[in-house]
Amino acid sequence: MKMWKRIKGFMCSPSETFDASKEETLGDAYLYFFPLLVFFSVLFAGITGVILANPVVQSILGMSPDFELLTIITLMSASGIILGGTIGVLIIGIWMHIWAYAFGGRNGLTQTIKALMYAATPLFVLGWIPVLGTAIGGIWAVLLVLTGLMQLQEMYSGRSILALVAALLVPIIIMGAIAAPFILTML
């Protein structure tokens, strides 16, 4: 029951729920994050498996109807999402913390990672729904990252926005700079 209350809190009254989570440990945050990650991965992989089992989709992709192959793909997808989500939140947390620190967040790496873990709530709750759920959940999660940085890092909203924009744009700019020569040679 506590889990549902927390989910509702992060989705409906995030400022108060982030405030209430300030004293929690990273372990506490992970015990909230991991079951949601598993929930998301199982549903997302299951939906993917159902879509891939559709004969129309199989003909478009040139697949043969192979139940064993679809089962393996579904299980590997779920496992990959769980492993990637667990490692990814730590890597992204470190990257995000560099920018949070640069813009004034001084409450430690743990608070930044907790902000990301808790902010993933709408993505994990809605993201398994093809297209619309993923878009809405993803945008909502980004907005919750801002709230989490403001509450847990005690940053002003403008500084939180700058930290998030920098964390998102710098990799895009780097990838664009790396890809530009290849794209130009193809033209």
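Values quoted throughout were computed directly from the atomic coordinates according to the rules given, and no laboratory measurement underlies them. All of these numbers come straight from a predicted model, not from anything done at the bench. Glycine also receives a Cβ, built like all others from the backbone with ideal geometry; neighbour counts cover every protein chain displayed.
Considering the options Asn107, Gly137, Val125, tell which one lies farthest towards the positive end of the dipole of the chain, charges being +1 on Lys and Arg and -1 on Asp and Glu at the Cβ, about the Cα centre.
It is Asn107.
Based solely on its DSSP helices, what 222 nm [θ] is calculated for the chain when runs of n ≥ 4 H residues each add -39,500 (n - 2.57) and the sum is averaged over all residues, nearest 500 deg cm²/dmol?
-28500 deg cm²/dmol
Just how large is the dipole of the chain about the Cα centre, in debye to the nearest 20, putting +1 at every Lys and Arg Cβ and -1 at every Asp and Glu Cβ?
Around 320 debye, computed over the chain.
What aspartates and glutamates does Lys2 reach when the alpha-carbon gap must be under 13 Å and sequence neighbours fewer than 8 apart in one chain are set aside?
Asp28
Given contacts defined as C-alpha pairs under 8 Å and at least six residues apart, what's the relative contact order of segment 1-88, whole-number percent?
Relative contact order, segment 1-88: 29 percent.
Compute the relative contact order of segment 7-186 as a whole-number percentage, counting only Cα pairs closer than 8 Å that sit 6 or more residues apart in sequence.
That works out to 27 percent.
Are there DSSP H segments in the chain that both extend 24 Å or more along their axis (alpha-carbon positions) and score a mean Kyte-Doolittle hydropathy of at least -1.0? List them, or say none.
What comes out of the filter, once short or polar helices are dropped, is 26-53, 67-102, 132-152, 157-186.
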